[in-house]
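Following: one structure in structure tokens, then a few remarks.
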Amino acid sequence: MRIDTLPRISLAFLPTPVTELKRIAAHLGGPRILIKRDDLNGLAFGGNKTRKLEFLVGEALAQGCDSVITGGSAQSNHCRQTAAAAAVAGLECHLVLGGEEPDAITGNLLLDRLLGAKVHWSGQYRKGEQIPHIAEQLRSTGKRPYVIPYGGSNPVGANGFVEAMRELAIQLEKMRQLITHIVFASSSCGTQAGMAVGARLFLPKVKVVGIRIDKDETELPFEEQMVVLANDTAKHVGAQMTFVKSDFEIRDGYLGGGYGVVGDLERSAIRLLARTEGILLDPVYTARAFGAMVDLIKKGEFSKDDCVLFWHTGGTPTLFSYAGELVRSQ
Ligand SMILES: *Cc1c(COP(=O)(O)O)cnc(C)c1O
């Protein structure tokens, strides 16, 4: 299959660990819970974008590009991992970040700077809307930039999660573990679309449950974006399959105050996992998704015989930029 011939560079220590959360499962009295630690993949504090970047930066090198450009919010995990991936590949990195340059350089922004990325501030735009404009500027100075979309979410990037499902299937078989569900934070569609394709290929019985993190609607409703990206990703990897809206399980009841707004759900999820298992979640993505999983368990969504795998997608450097909100009510 075409999937085995796509350009790739190695950025992560794979497979990432899978462990069981016994204390928290006992505390909740629900199904067994496993956790997959993409926060520990080894690239500059880790995270799920590393898997996408192995293919995106692989393609940039195959095309002879000399730089990469991407965008996101000021505390974007995707941008920080892109800066690190570009450093590994010897490419210049340009980041288009939402907002104005803040006074405090902390969290991912500090890491972007240390990793040598060139930052372009884009005011009200936090989803990379100005990437084409900056890319054009770079081209006019003779550079050959490779454009990575917001979240690294196109078929090239999503393939990272097709491969991740293959990795997980092999890992679970070695561990003699069966899982019934995967729960994780879903935002720019790349992770969930890739998992959907990968699940059909490698773990067909597992239910993939995305917890929505961001309520902003773009041109296309979220489910439709998911369908388009999953179908394009299947084509990209050479898999014969098609997806429709009902193939995606997406929970949007946990949006709280909106993207990046920390509420009680996130604060208690961070404390619960930290204090029962010594594992840190990030305030924007994984805390919301983990809090949602805890809520679903409490509501009896899973049976005692189920085994739920929580996919830790990273993001922990933003803990430091949210210090005030996280310890306020302690
Ligand atoms: C980007 C990100 C996600 C969501 O991944 P998508 O592919 O954009 O859906 C989840 N968790 C963290 C920590 C992220 O940085």
(request) Kindly provide the set of residues from the stretch 116-154 that are assigned to a helix (DSSP H, G or I) and in contact with a helix residue (DSSP H, G or I) (Cβ under 6 Å, 6 or more places away or on another chain), ordered by number. (result) Gly151, Gly152
(message) So the check is Cβ under 7 Å with 6+ separation or different chains; which pairs have a first residue in the stretch 143-172 that's free of Cβ contacts under 8 Å to residues at least 40 places away in the same chain and a second one that's buried (at least 24 other Cβ atoms within 10 Å of the Cβ)?
(response) Met165/Met195; Met165/Gly198; Arg166/Gly198
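To keep it simple, each residue is scored yes or no on (1) crowded, with 21+ Cβ neighbours inside 10 Å; (2) touching a Cys at 6+ places or on another chain (Cβ under 8 Å); (3) not aromatic (Phe, Trp, Tyr).
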{"position": "Pro155", "(1), (2), (3)": "yes, no, yes"}
{"position": "Leu178", "(1), (2), (3)": "no, yes, yes"}
{"position": "Ala196", "(1), (2), (3)": "yes, no, yes"}
{"position": "Leu201", "(1), (2), (3)": "no, no, yes"}
{"position": "Val206", "(1), (2), (3)": "yes, no, yes"}
{"position": "Pro221", "(1), (2), (3)": "no, no, yes"}
(message) Contact list please: Cβ distance under 8 Å, first residue in the stretch 236-254 and polar (S, T, N, Q), second residue at pLDDT 95 or above and surrounded by 15 or more Cβ atoms within 10 Å (Cβ to Cβ), pairs at least six apart or on different chains.
(response) Gln240/Ala234; Thr242/Asn231; Thr242/Ala234
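What do you reckon, is Glu219 farther than 22 Å from Gly47 by Cα, in a helix (DSSP H, G or I), among the charged types (D, E, K, R) and more than 10 Å from the ligand (Cβ to nearest atom)?
Working: farther than 22 Å from Gly47 by Cα: yes; in a helix (DSSP H, G or I): no; among the charged types (D, E, K, R): yes; more than 10 Å from the ligand (Cβ to nearest atom): yes.
The answer is no for Glu219.
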(message) I'm checking my understanding of the structure. Among residues of the stretch 45-72 that are buried (at least 22 other Cβ atoms within 10 Å of the Cβ) and among the small types (Gly, Ala, Ser), which one is nearest to the ligand (Cβ to nearest atom)?
(response) Gly47
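Is it the case, given these coordinates, that Ile3 is of a type in the set (Val, Ile, Thr), touching a helix residue (DSSP H, G or I) at 6+ places or on another chain (Cβ under 7 Å) and in a loop (DSSP other than H, G, I, E, B)?
Numbers: of a type in the set (Val, Ile, Thr): yes; touching a helix residue (DSSP H, G or I) at 6+ places or on another chain (Cβ under 7 Å): yes; in a loop (DSSP other than H, G, I, E, B): no.
Taking the combined requirement at face value, the residue does not satisfy it.
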(request) Can you tell me which residue within the stretch 271-292, out of those that are outside any helix (DSSP H, G or I) and surrounded by fewer than 18 Cβ atoms within 10 Å (Cβ to Cβ), is farthest from the ligand (Cβ to nearest atom)? (result) Gly278
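Would you confirm whether or not the stretch 98-110 contains a residue that is crowded, with 21+ Cβ neighbours inside 10 Å and over 18 Å from the mean Cα position of the chain (by Cα)?
No: zero hits.
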(request) Check whether at least one residue in the stretch 300-319 is away from the ligand (no atom under 16 Å from the Cβ), part of a helix (DSSP H, G or I) and more than 28 Å from Leu111 (Cβ to Cβ), and report yes or no. (result) no
(request) Only one of these is part of a loop (DSSP other than H, G, I, E, B), at pLDDT 95 or above and within 23 Å of Glu277 (Cβ to Cβ): Gly64, Gly30, Gly47. Name it. (result) Gly47
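The values are calculated or read from the model by the stated rules, or taken from the named source; none is laboratory data. What you see is a predicted model, and the numbers here were worked out from it, not measured in a lab. For neighbour counting, all protein chains shown are included, and Cβ atoms are generated from backbone atoms with ideal geometry for every residue, glycine included.
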